[in-house]
Every structure is written in C-alpha cells, then in structure tokens.
Amino acid sequence: MFFHILCYNNTMTKIHNIAKNTSYLTLALIGQKIISFVYFTILARNLGPAALGQYYFAISFTTIFAIFIDLGLANVITREIAKDNTKTRVWLGNIMSLKGTLALVTLLATFLIANLLGYSSILKELIYISCLSMILDSFTTTFFAVIRGFHSLIWESIASILFQVLVMGFGLWALFSGLGLHYLLLTLALASGVNFLYSWAILAWRFKIKLQFLYIKDVMRTIILITAPFALYAIFQRLYTYLDSVLLLSLAGEHYVGLYQVAFKIIFALQFLPMAFVASLYPALSHYWLVDKEQLVVSFKRAMNYLLIISLPISVGLILVANKVIFLFTADYLDAVLPMQITIAALVFIFLNFPIGSLLNACDRQKENTRNMIITTVVALGLNIVLIPRLQAVGASITVLVSSLVMFILGIIWVRKIIVYKARTNFITLAKVLLSSLVMAIFLIFCQNLNIFILIPIAGLIYFLVLFVLGGVKKADLKSIKESFQKK
C-alpha cells in the first residue's frame with residue numbers, strides 16, 4: 001500500500017504514527033496553500049503585474065539571502081535527533097549560537113548588496129522590511145526541525161494554517177486600507193513573529209526543551225563538518241529556486257516578474273504535497289538506512305509511485321485549463337498562460353525530486369546530492385541568461401522545465417548506486433497513471449465550457465475512478481488513509 005511506505009512491517013504503532021503525521025501535515029498544507037493562493041489572487045487582481053513584481057522581488061531577494069542563516073542546519077538537526085534524541089539540548093544550543101552569528105552577518109550583507117546593485121528606493125525599502133521575516137522564519141524553521149526529529153508534525157501543521165491566516169487577515173486590511181506595499185510586507189513580518197513565538201513555546205512546553213546558546217568546541221566542529229554539504233546544497237537550491245525572479249527584474253523588468261510569479265506561484269503552492277510527504281519520509285529513511293535496508297528500498301519505490309499518482313494528472317489538467325486559471329487574475333495576466341503551461345509541465349520531475357533528494361541525504365550521500373544541485377543551478381543560470389532577454393517570462397519557464405529534468409536524471413543515477421532500484425514497479429504505475437490522465441484529458445477537452453470550479457473536481461473524480469478500476473489505487477490504500485486520521 002503506497003500510503004504505508006514509511007512503516008515497519010512488525011510495528012503497527014510506528015505505521016500509524018508516521019501515516020498520521022503525513023495525513024495531518026498534508027491537510028494542513030492543503031489549507032495553507034488554499035488560503036495562500038486566494039490571497040495571492042486578490043493581491044494580483046488589485047496590484048497589477050508591475051506592483052506584484054516589486055512585492056515578490058523583495059521576497060525573492062531576501063529569501064535567497066535567508067539560506068545563509070540556516071545553511072542546511074535544519075536538515076542536519078532533524079536527522080541527528082531522529083537517530084538519537086538524547087543529544088537534543090546540545091545540538092540545538094550550539095546551532096542557535098551559530099545561527100545568531102550568521103543572522104547578523106547575513107543581515108548586513110543583504111543591506112550592502114541591495115545598495116551596491118543600485119535598486120530603486122522603493123525596492124530597497126521593501127527588501128529591508130522583508131529582512132524581518134527572513135530572520136524570524138529562519139529560527140522558526142530550526143525549532144520545527146527539532147520537533148520533526150521527534151516524529152511529531154501536528155504542531156507544525158497547526159502553525160502552517162495559523163501563519164497563513166494571519167498573513168491574509170493583516171494583508172487584506174493593509175490592501176483595502178490603501179496602505180501600500182510597505183505595509184503588505186510588514187504583515188508578513190508580523191505573522192512571522194507570531195509563528196516564531198508559537199514554535200518556541202511548543203518546544204519549551206510540549207517537549208520540555210530549554211532554549212539556550214551553547215558553544216562546545218567539539219560539537220561545533222562536528223556540526224560544521226556535517227553541515228558543509230547540506231549548506232552547499234541549500235545555497236544552490238535557493239539560488240536555483242529564486243534567482244530567476246531577480247534576473248527577470250534585471251533583464252526584463254518588473255512587469256515580467258509579475259507575470260512569471262503567476263506561473264511560479266501555482267507550481268510553488270502545489271509543492272505542499274511532496275513537502276508534507278517528505279517531512280515524514282526523511283526521518284524514517286534515515287532510520288531505515290541504519291537498521292533495515294530492505295524497507296528502505298520498499299519505502300522509496302512506493303514514495304515514487306505515490307507522487308507519480310498525484311503529480312501527473314495535476315500537470316496534465318492544469319496545462320489544459322491554463323487559460324481559465326489565468327482569468328482568475330484578470331486579463332492583465334493573459335501573457336502568463338504560456339509560461340504557466342511550460343512551468344506546470346515540470347511538476348512531475350519537481351515532485352519526484354523530493355524523495356530522491358531525501359534518500360540521498362538520509363543515506364549519507366549529501367555530497368552527491370549537493371553536486372547534483374550545483375550542476376542543476378549552473379544549467380539554470382546559463383539558460384536564464386540566454387533565454388530571459390529573448391523570451392522574458394517564457395524563457396524563465398523553459399529553464400524551470402529543463403533544469404528540473406536535469407536534476408531528476410542526476411538523482412536517479414545516484415539512487416541506483418545506493419540501493420537495488422528496479423524501476424519496473426514504477427513504470428507499471430506510470431502506465432496506469434498515463435491512461436487515467438488521458439481519459440481525464442479527453443473530458444477536459446470536450447467540456448471546456450464548464451465553469452472551472454465544476455470542471456476541475458469532476459476531472460479529478462474521473463481520473464481517480466479510472467485509476468481505481470485499473471488497480472493503481474486499491475481499497476486497502478483508501479482504508480489506510482482513513483485509519484491514519486483515527487486514534488489507536
């Protein structure tokens with residue numbers, strides 16, 4: 001059963017807990033992304049492409065720099081606590097000291113580079129405000145990374161909804177009060193502050209972990225050595241994800257940043273599915289690597305199947321109804337239809353890269369994972385420099401598709417070196433998913449006149465019914481999903 005991929009065959013409690021973690025975080029992220037997408041749509045309709053481009057450029061700029069505060073430390077602390085939670089206080093205390101120093105240096109660097117690049121006054125002011133969220137979110141990520149190491153995701157699930165509700169509530173007040181972009185970004189900082197205090201309180205109250213700054217030389221040296229490959233990976237991943245918006249502003253202008261953000265926001269929002277799944281998968285894979293290699297292989301194969309089942313129909317469906325989706329943002333964004341279709345085509349590779357990367361990190365192959373990300377980032381940078389001046393947002397979208405495929409190919413090569421991976425079972429699932437998606441696509445093509453809010457649910461139902469008939473999803477899978485929400 002694909003939903004039980006994370007589980008010990010001989011430990012029913014562990015099966016239930018991990019499946020429940022994935023279920024609750026998935027539901028929470030669904031809620032968060034729905035709220036986020038509604039809020040983004042309202043912003044897009046009221047701001048227009050140019051102002052929307054300024055708003056998201058500031059966020060993208062500081063998000064790139066934010067990685068220099070974390071440097072992959074969240075992945076490290078989750079993995080190490082999952083292996084041995086008796087050292088939680090020591091790990092967290094030393095990481096807090098390291099991050100405090102990194103936060104100060106990164107903040108100064110962000111201010112300096114924003115001025116050296118000669119951005120307009122409004123862009124620099126928006127960047128400065130966004131730095132508040134950058135600092136707070138980094139420490140919040142560390143607190144939740146510790147909690148993930150204890151295989152508990154319910155608190156993070158609550159936080160994901162709480163944060164987005166606050167952002168939308170304060171943001172709509174600022175928007176309709178006519179307060180401008182500065183206050184819109186301040187609402188993000190306010191929500192980040194609440195999230196920071198919440199995660200800190202859960203750490204202290206529920207897990208009895210006292211927050212303190214420690215410096216133990218041997219531990220700090222170990223952290224730095226372990227973190228180095230994670231840090232490189234995280235830096236290049238962040239550059240790969242957000243540098244396109246920065247390059248678009250420099251090479252094409254704010255208008256095209258706004259158009260591209262429509263396509264990017266949709267694909268970014270959909271990543272909650274693999275993110276929720278991997279949040280539970282990663283610590284489990286780390287454990288299986290030590291004690292049960294056979295279960296490691298089974299878990300990975302089923303993870304690939306699960307994400308194929310989810311990603312391919314979403315990709316096919318959104319490509320076919322892209323023009324309807326864009327009209328949610330007003331006619332000013334019609335030029336975003338083609339970029340969206342191209343970007344959505346990359347969704348399958350983006351989804352599958354999540355379990356591949358988790359497997360490499362869990363199996364102590366973070367150096368190889370980092371090498372793959374560096375290669376992919378260099379490819380993306382080269383393509384963006386060549387394509388954006390010629391094709392603007394379309395060029396950035398082509399880069400997303402090609403680079404996602406490159407990352408997938410590089411990852412699969414290393415997977416086959418780590419585990420005995422035979423892709424036959426995944427190809428069988430792929431065939432069933434393709435056939436089910438084809439039936440769904442025929443429905444979408446012939447029923448284009450239906451309202452999009454009716455069209456998409458019916459298309460999804462058709463897909464899953466056909467997949468169920470073909471045996472891609474079984475009754476046992478549906479039962480396991482239901483049971484994951486029930487207390488034992």
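Please work out if residue 57 is within 22 Å of the chain's Cα centre (by Cα) and assigned to a helix (DSSP H, G or I). Here the answer is yes, as residue 57 does meet what is asked.
Here's the yes/no breakdown for (1) out of contact with any Asp or Glu (no Cβ under 9 Å at 6 or more places or on another chain); (2) among the hydrophobic types (A, V, I, L, M, F, W, C); (3) closer than 30 Å to residue 292 by Cα:
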{"residue": "386", "(1), (2), (3)": "yes, yes, no"}
{"residue": "393", "(1), (2), (3)": "no, yes, no"}
{"residue": "402", "(1), (2), (3)": "yes, yes, no"}
{"residue": "407", "(1), (2), (3)": "yes, yes, yes"}
{"residue": "414", "(1), (2), (3)": "no, yes, yes"}
{"residue": "420", "(1), (2), (3)": "yes, yes, yes"}
{"residue": "441", "(1), (2), (3)": "yes, yes, no"}
{"residue": "444", "(1), (2), (3)": "yes, yes, no"}
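Of the set (1) touching a residue at least 40 places away in the same chain (Cβ under 8 Å); (2) surrounded by 19 or more Cβ atoms within 10 Å (Cβ to Cβ), all apply to residue 434 but (2).
Taking the stretch 149-207, which residues are in contact with a Ser or Thr (Cβ under 7 Å, 6 or more places away or on another chain) and more than 30 Å from residue 91 (Cβ to Cβ)? If you could, list the steps in order and put the result at the bottom.
To start, the set of residues in the stretch 149-207 that are in contact with a Ser or Thr (Cβ under 7 Å, 6 or more places away or on another chain) comprises 149, 153, 159, 164, 167, 170-171, 174, 185, 188-189, 192, 195-196, 199.
Scanning the stretch 149-207 gives 167, 170, 171, 174, 185.
When 28, 66 are checked against the criterion of being over 30 Å from residue 120 (Cα atoms) and at pLDDT 75 or above, a single residue qualifies: 28.
Which of the residues belonging to the stretch 340-366 are farther than 14 Å from residue 402 by Cβ, in a helix (DSSP H, G or I) and not aliphatic (A, V, I, L, M)? 341, 351, 354, 355, 357, 358, 361, 366 - these are the residues of the stretch 340-366 that are farther than 14 Å from residue 402 by Cβ, in a helix (DSSP H, G or I) and not aliphatic (A, V, I, L, M). Of the residues in the stretch 306-328, how many are over 12 Å from residue 351 (Cβ atoms) and in contact (Cβ under 8 Å) with a residue 12 or more places away in the chain? Total meeting the criteria: 12. Scanning the stretch 352-371 for residues being free of Cβ contacts under 8 Å to residues at least 60 places away in the same chain and over 18 Å from the mean Cα position of the chain (by Cα) gives a total of 3. Scanning the stretch 118-134 for residues that are crowded, with 22+ Cβ neighbours inside 10 Å and either within 19 Å of the chain's Cα centre (by Cα) or among the acidic types (Asp, Glu) (or both) yields 133, 134. In the set 123, 136, 153, 107, only one residue is at pLDDT below 90, under 22 Å from residue 191 (Cα atoms) and not β-branched (Val, Ile, Thr); that residue is 153.
The values are calculated or read from the model by the stated rules, or taken from the named source; none is laboratory data. Just so we're clear, the structure is a prediction, and the values are computed from it rather than from any experiment. For neighbour counting, all protein chains shown are included, and Cβ atoms are generated from backbone atoms with ideal geometry for every residue, glycine included.
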